[in-house]
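Participant: For reference, the structure I am asking about is given below.
The values are calculated or read from the model by the stated rules, or taken from the named source; none is laboratory data. All values reported here derive from a predicted model rather than from experimental measurement. Glycine also receives a Cβ, built like all others from the backbone with ideal geometry; neighbour counts cover every protein chain displayed. Surface areas here come from the heavy atoms of the whole protein model, side chains and all, with no ligands, DNA or RNA. Shrake-Rupley method; radii C 1.70, N 1.55, O 1.52, S 1.80 Å.
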Amino acid sequence: KALIGTFIAAQVLIVALIIWRLQPGELSLPKTPVEKAYALLRAGDLGAAERQFEMLSQTSGPDSLRGYEGLASVSFHRGDYQTADGLCRKVVDADPETIYARVILGNIAFNQGDLDAALKAYETASQGKHGSPWQKAEAYNRLGRIYMERQKPESAFSSFDEALTLDPQNATVLSNKGTLLATLGKRDDAASLYRKALALSPSDSLTMTLLNQLLAEEKSDADKAQKERIDRLVVELSERFRNQSQESKPAYATDTWTSRPLSVSFLALENRGAISLRAAENDYLVYTIIKSLQNKERISIIERELIDKLLQELNLSSSDLADPTTSIKLGKIVGARFIATGKVTRLGTELQVTLRVIETETTSVMGAFSEIVAQTVDLETAATMLADKISETLVTRFPLHAKIAAVDGDRVILNIGARAGAAVGVRMTVFQNGEPIIIDGRQIGNQKEEIGEIEIISVEEEMSTASAVTKNKDFTKDQRAVEIQPPSEGILETAV
């Protein structure tokens, strides 16, 4: 037993030093063999944790049951719910007052979407006597998330407060309670809790994103002119939405060649399967995808604040937006060329994000995209990959089109600018219609006569200037230009 204790202590000292190295501060070592084993588990070293719990399970007394509980926790983290369930029930039979075996049983039900069973397990765990405060805090935190999902804010607050009483330094609970406060309009209190959570866990990108979004909303509301503009738009657009029957012909229909902005409106993601342990995780995914797309030159995003307030005014829920007719209608109203809708499915240890990008005028699906990741990984990676797929698909399917508006020797003025996605360095082929193509006495088109190649050298909001790279004939007004795209390595599009 002495050798076992020494071995565990050495293992945990190494883990604690690594954690301290990543997050400098006061170095606090776990005090008991059980806590030392859980420290290894929290550090992500499932193999080492399993070995320590296995040794504990072979001892006598309470530590033996705690060892079996720990082995159940390792199995749960690996997604082996059958083994975890069996071990937990073995512990519960031997010790009805145990806390964590019941928490793990609740976690299994939680991840499988059975919230009734999870609720019952967590409530029983909260009355247990054998275990650590942080284990009971975990039960209360998950109870809070279930009550949030069931629109019971008072019960959620009570659960989060119990969790923080037991584990005041739990950044996840602080963030969850902050999100609950934000949904109830208590922004200052929410921001305070987000900051406390970030002080404990500075690398938590979800909490950082939620705090930044909250501050941006406060800034927007404080800007009187901006607030009045949004409010006017919401009233106007909601009226148009309610009265919309048949769309009038769009103004750009007279010019079907010139590129229009690749504007995208993102709607809330529908939740499928289990709920998330972190509140507002779906919103975080949308915010992160939008942030990544905003760095793409060709893509523009319809402001999220306008969408959210319009949805609130129209009393449209995520289930309403799951209807393609409703979501496309909304996209047209806000002036989006494309809408992005989708769902997040959590089952077991995996999370799948599925998005569809639909062109509002044609209702055609431009792309369907999916990413599957482990729920334990950073979701920012999945969001960034989805944004890259969306951008590549839209840019490839819709190369820049322009017309020559004026000519000055080897320089031309094009009728597209930054708003349509024009950028310095873009090369385009200039052409004009040649001889007609006739078949069976009917003209089906014209041959394309290439005039030359141009490169954009300066860009304004609505126009750009390009110079000749090659020229077969003189450039003239109204000749057309199309972007020369580099060879594609394959559009990252996944059918779902």
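Participant: From the square roots a ≥ b ≥ c of the eigenvalues of the alpha-carbon gyration tensor of the chain, which class results: rounded (a/c under 1.5), prolate (a/b over b/c), or oblate? Can you show the working numbers first?
Facilitator: Working: a/c = 2.67, a/b = 2.20, b/c = 1.21.
Judged from the Cα gyration tensor, the chain comes out prolate (a/c at least 1.5, a/b above b/c).
Participant: Further question on the same structure: How much length would be gained if the chain were fully extended between LYS471 and ILE484, taking 0.36 nm per residue of separation minus their Cα-Cα distance, in nm to one decimal? Display every interim value, and only then the final one.
Facilitator: Numbers: separation 13, 0.36 × 13 = 4.68 nm, distance 1.53 nm.
Extra length available between LYS471 and ILE484 comes to 3.1 nm.
Participant: Additional query: Putting +1 on Lys and Arg Cβ atoms and -1 on Asp and Glu Cβ atoms, find which of LEU321, GLY425, THR59 reaches farthest to the positive end of the dipole of the chain.
Facilitator: Final value for the positive-end residue is THR59.
Participant: While we're looking at this one, here's another question. Run the simple label-point estimate for LEU184 and GLN294 please: 7 Å along Cα→C-beta, distance reported in nm.
Facilitator: 2.9 nm
Participant: With point charges of +1 on the Cβ of Lys and Arg and -1 on the Cβ of Asp and Glu, referenced to the Cα centre of the chain, which listed residue (ALA382, ALA280, GLN226) lies farthest in the positive direction of the dipole?
Facilitator: Value computed over the given set: ALA280.
Participant: Moving on. Whole-Hz Karplus ³J(HN,Hα) for segment 135-152, in order, using 6.51 cos²θ - 1.76 cosθ + 1.60 and θ = phi - 60°, x for Gly and Pro?
Facilitator: 5, 5, 4, 4, 4, 5, 4, 6, 4, x, 5, 5, 5, 4, 4, 8, 6, 10
Participant: Follow-up question, since we're still on this one. Given 0.36 nm per residue, what is the gain on full extension from LYS152 to GLN127 after removing their alpha carbon distance, in nm?
Facilitator: Numbers: separation 25, 0.36 × 25 = 9.00 nm, distance 2.10 nm.
The LYS152-GLN127 span can extend by a further 6.9 nm.
Participant: Rounded to the nearest 500 deg cm²/dmol, what is the calculated helix-only ellipticity per residue at 222 nm for the chain, with -39500 (n - 2.57) per DSSP H run of length n ≥ 4? Numbers along the way, then the final one.
Facilitator: Details: 18 runs with 250 residues, N = 496.
The helix contribution divided over the chain gives -16000 deg cm²/dmol.
Participant: For segment 293-369, what's the relative contact order in percent, using C-alpha pairs closer than 8 Å and at least 6 residues apart? Intermediate values should be presented prior to the final figure.
Facilitator: Working: 78 pairs, mean separation 14.6, N = 77.
About 19 percent, as a whole number.
Participant: Further question on the same structure: Over 16 Å apart: what share of the alpha carbon pairs of segment 364-435 falls there, rounded to a whole percent? Don't skip to the end; give the middle numbers.
Facilitator: Working: 1683 of 2556 pairs.
Looking at segment 364-435, the distances longer than 16 Å represent 66 percent of pairs.
Participant: Could you size up the charge dipole of segment 40-177 around its Cα centre, putting +1 on the beta carbon of Lys and Arg and -1 on that of Asp and Glu, and report it in debye to the nearest 20? The partial results should precede the final answer.
Facilitator: Values: 15 positive and 19 negative charges, 32 e Å.
Magnitude of the dipole: close to 160 debye.
Participant: Show THR256, THR32, THR363 ordered by accessible area, largest first, where the area counts protein heavy atoms only and the probe is 1.4 Å.
Facilitator: THR256, THR363, THR32
Participant: Just the Cα atoms of segment 39-142, one point each, no solvent: what log10 I(q)/I(0) does Debye give at q = 0.21 Å⁻¹?
Facilitator: -1.09
Participant: Quick one: which of 209-216, 182-189 comes out on top by average Cβ neighbours within 10 Å, and what's the full order, highest first? Write down the numbers at each step before the final one.
Facilitator: On the way: 209-216: 17.5, 182-189: 13.9.
Final packing ranking: 209-216, 182-189.
Participant: Enumerate the amide H contacts of ILE416 below 5 Å, restricted to partners 5 or more residues apart or on another chain; note that Pro and chain-start residues carry no placed amide H.
Facilitator: Long-range HN contacts for ILE416: LYS403, SER464.
Participant: Distances over 27 Å make up what percent of all Cα-Cα pairs in segment 340-496? Kindly include the intermediate steps, with their values, before the conclusion.
Facilitator: Numbers: 5585 of 12246 pairs.
The share of Cα pairs beyond 27 Å in segment 340-496 comes to 46 percent.
Participant: Moving to a separate point now. I'd like the Kirkwood hydrodynamic radius of segment 76-198, using the inverse of the mean 1/r over distinct C-alpha pairs, in Å.
Facilitator: Numbers: mean 1/r = 0.0678 Å⁻¹.
Radius from the Kirkwood sum: 14.8 Å.
Participant: Right, here's the next one. List every residue whose amide H lies under 5 Å from the amide H of ASN271, counting only residues 5 or more places away in sequence or on a different chain, with H placed 1.01 Å from N in the peptide plane.
Facilitator: VAL344
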